[in-house]
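Undergrad: Here it is, the structure, as structure tokens.
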Amino acid sequence: MAMTVQTGTTPTLRWIKKDLLGLRELSADEIAFILQTAESFREVSLRPIKKVPTLRGKTVVNLFFEPSTRTRTSFELAAKRLSADIVNLSAQGSSLSKGETVLDTIRNLEALKVDILVIRHGSAGVPHLIASQASSSVINAGDGSHEHPTQALLDLFTIQQKKTRIAGLQVSIIGDIAHSRVARSNIWGLMKMGACVTVCGPPPLIPHRIEDLGVSVTYHLEEAIRQADVLMLLRIQHERQEAQLVPSLREYRMRYGIDRERLAKAKPDVLIMHPGPVNRGVELDSDVADGPYSVILDQVTNGLAVRMAVLYLVSGGLRADEQEG
Ligand code: CP
């Protein structure tokens with residue numbers, strides 16, 4: 001939770017949450033506070049020497065039980081740019097592969113006096129379980145099909161950067177909504193920040209009663225494209241599907257893939273977003289993924305500032321300039 005502190009006449013927020021587990025439990029003020037903090041860290045990566053002493057003496061552990069390129073690398077770089085020490089651990093290279101439980105692994109890491117655990121796991125709720133047992137801060141880097149809060153925060157940051165606002169925008173999320181933690185965190189985040197969200201995809205990939213979250217549903221791609229200020233594309237998550245829910249990728253592309261012709265029906269200032277990894281030629285053609293409306297690599301760049309902000313906030317530390325003041 002962020003706590004309001006009165007300093008003179010201007011109220012400022014101080015972050016007092018130990019963990020970041022999801023956007024469902026954050027208020028709009030708390031999300032805005034993270035985005036504002038990320039903005040203050042953005043310029044660090046533009047400096048010739050990309051480092052500040054903010055988290056000097058703190059230790060961050062990246063504990064990834066599932067593959068990752070963007071999230072893992074940007075948490076590692078974020079920790080390094082804040083001068084923290086960082087250790088990377090994966091299930092294959094650790095004693096988890098010899099039968100040690102996750103909680104025993106965490107107890108052993110805590111015995112080594114680490115400060116922040118960044119956790120990605122294939123099962124929903126694992127970061128929450130760890131956070132309830134650990135005294136270190138826990139950041140959810142993606143748990144099953146549940147939440148991926150830093151991805152949604154960097155998506156919100158990118159939308160705000162490109163459109164100068166989030167409230168009132170129409171965002172269409174297209175693809176495998178049922179298995180997507182990115183979709184779930186974005187739905188919470190976008191709605192709290194005042195955007196209107198439509199989800200679109202083949203019926204087996206749209207969760208039953210998702211309208212209860214306040215989103216609209218359409219199975220017609222043209223409708224999702226026509227009304228959108230932002231098109232957020234998702235890949236089909238075969239690894240999380242117990243049965244094959246779409247007949248073939250070729251058929252998916254024919255009905256739901258975004259190509260140049262379909263993009264021509266979008267608003268002239270539409271943003272194309274994708275959390276990655278992109279399956280080119282399936283949900284997105286290369287000339288759209290690499291085209292002028294795409295902000296996919298801006299999302300990756302912004303992920304660094306957002307993760308620096310999150311590491312800083314959960315550590316409860318003050319920035320070096322505040323410490324001196
Ligand atoms: N968006 C995302 O989570 O990408 P990675 O799986 O590469 O971390």
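The values are calculated or read from the model by the stated rules, or taken from the named source; none is laboratory data. The shown structure was predicted, so the numbers you read here are calculated from the model rather than taken from an experiment. For neighbour counting, all protein chains shown are included, and Cβ atoms are generated from backbone atoms with ideal geometry for every residue, glycine included. In case anyone asks, the SASA skips ligands and DNA or RNA and just uses the protein heavy atoms, side chains included. Shrake-Rupley method; radii C 1.70, N 1.55, O 1.52, S 1.80 Å.
Undergrad: Please specify each residue of segment 90-110 satisfying the condition of being under 15 Å from G122 (Cα atoms) and touching a strand residue (DSSP E or B) at 6+ places or on another chain (Cβ under 8 Å).
TA: S90, A91, V102 - these are the residues of segment 90-110 that are under 15 Å from G122 (Cα atoms) and touching a strand residue (DSSP E or B) at 6+ places or on another chain (Cβ under 8 Å).
Undergrad: Return the total of residues in segment 61-85 being within 16 Å of the ligand (Cβ to nearest atom) and either open to solvent by less than 30 Å² (accessible area, probe 1.4 Å) or not acidic (D, E) (or both). Quick ask: steps written out before the conclusion?
TA: Taking segment 61-85 as the starting set, the residues that turn out to be within 16 Å of the ligand (Cβ to nearest atom) are 62-79.
This time we only want the ones that are either open to solvent by less than 30 Å² (accessible area, probe 1.4 Å) or not acidic (D, E) (or both), so: 62-65, 67-75, 77-79.
The total comes to 16.
Undergrad: Go through the residues of segment 22-31 one by one and say whether even a single one is touching a His at 6+ places or on another chain (Cβ under 8 Å), modelled with pLDDT of 95 or more and within 16 Å of the ligand (Cβ to nearest atom). Explain how you work it out, then say what you get.
TA: Here is the first cut: in segment 22-31, the residues touching a His at 6+ places or on another chain (Cβ under 8 Å) are 22.
The next check asks that each one be modelled with pLDDT of 95 or more; those that pass are 22.
Okay, now just the ones that are also within 16 Å of the ligand (Cβ to nearest atom), so 22.
Checked against the condition, which is being touching a His at 6+ places or on another chain (Cβ under 8 Å), modelled with pLDDT of 95 or more and within 16 Å of the ligand (Cβ to nearest atom), segment 22-31 yields at least one hit.
Undergrad: While we're looking at this one, here's another question. Looking only at segment 252-269, how many residues end up being of a type in the set (A, V, I, L, M, F, W, C) and surrounded by fewer than 18 Cβ atoms within 10 Å (Cβ to Cβ)?
TA: Going through segment 252-269, the residues of a type in the set (A, V, I, L, M, F, W, C) turn out to be 254, 258, 263-264, 266.
Going one step further and asking which of them are surrounded by fewer than 18 Cβ atoms within 10 Å (Cβ to Cβ), we end up with 254, 264.
Number satisfying all stated conditions: 2.
Undergrad: When residues of segment 37-50 are filtered for being open to solvent by 80 Å² or more (accessible area, probe 1.4 Å) and either in contact (Cβ under 8 Å) with a residue 40 or more places away in the chain or within 15 Å of R307 (Cβ to Cβ) (or both), how many remain?
TA: Residues in segment 37-50 being open to solvent by 80 Å² or more (accessible area, probe 1.4 Å) and either in contact (Cβ under 8 Å) with a residue 40 or more places away in the chain or within 15 Å of R307 (Cβ to Cβ) (or both): 3 in total.
Undergrad: Now, a different point. Considering only residues that are away from the ligand (no atom under 16 Å from the Cβ), part of a loop (DSSP other than H, G, I, E, B) and in contact with an Asp or Glu (Cβ under 7 Å, 6 or more places away or on another chain), which ones fall in segment 156-178?
TA: Within segment 156-178, L169 is the sole residue that qualifies.
Quick grid of which residues meet (1) of a type outside the set (K, R); (2) open to solvent by 50 Å² or more (accessible area, probe 1.4 Å); (3) more than 23 Å from L297 (Cα to Cα); (4) more than 13 Å from the ligand (Cβ to nearest atom):
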| residue | (1), (2), (3), (4) |
| --- | --- |
| I106 | yes, no, yes, yes |
| L112 | yes, yes, yes, yes |
| L117 | yes, no, yes, yes |
| H121 | yes, no, yes, no |
| P127 | yes, no, yes, yes |
| S135 | yes, yes, yes, yes |
| A152 | yes, no, no, no |
| T198 | yes, no, yes, yes |
| P203 | yes, yes, yes, yes |
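Undergrad: If you don't mind, another one. Determine whether A79 is farther than 17 Å from S315 by Cβ and out of contact with any Asp or Glu (no Cβ under 6 Å at 6 or more places or on another chain).
TA: Values: farther than 17 Å from S315 by Cβ: no; out of contact with any Asp or Glu (no Cβ under 6 Å at 6 or more places or on another chain): yes.
Here the answer is no, as A79 does not meet what is asked.
Undergrad: Being open to solvent by 10 Å² or more (accessible area, probe 1.4 Å) and closer than 22 Å to R72 by Cβ is true for just one of Q227, Q161, Q170, Q237. Which residue is that? I'd like the intermediate steps shown before the answer.
TA: Details: Q227 fails: closer than 22 Å to R72 by Cβ; Q161 fails: closer than 22 Å to R72 by Cβ; Q170 fails: closer than 22 Å to R72 by Cβ.
The match here is Q237.
Undergrad: Right, next: Hey, can you tell me all the residues within segment 20-36 that are assigned to a loop (DSSP other than H, G, I, E, B), under 15 Å from the mean Cα position of the chain (by Cα) and touching a residue at least 40 places away in the same chain (Cβ under 8 Å)?
TA: L21, G22, L23, R24, L26
Undergrad: Got a sec? Which of E251, E283, E222 is among the acidic types (D, E) and touching a strand residue (DSSP E or B) at 6+ places or on another chain (Cβ under 6 Å)? If you could, list the steps in order and put the result at the bottom.
TA: Details: E251 fails: touching a strand residue (DSSP E or B) at 6+ places or on another chain (Cβ under 6 Å); E222 fails: touching a strand residue (DSSP E or B) at 6+ places or on another chain (Cβ under 6 Å).
Being among the acidic types (D, E) and touching a strand residue (DSSP E or B) at 6+ places or on another chain (Cβ under 6 Å) holds for just one of E251, E283, E222, which is E283.
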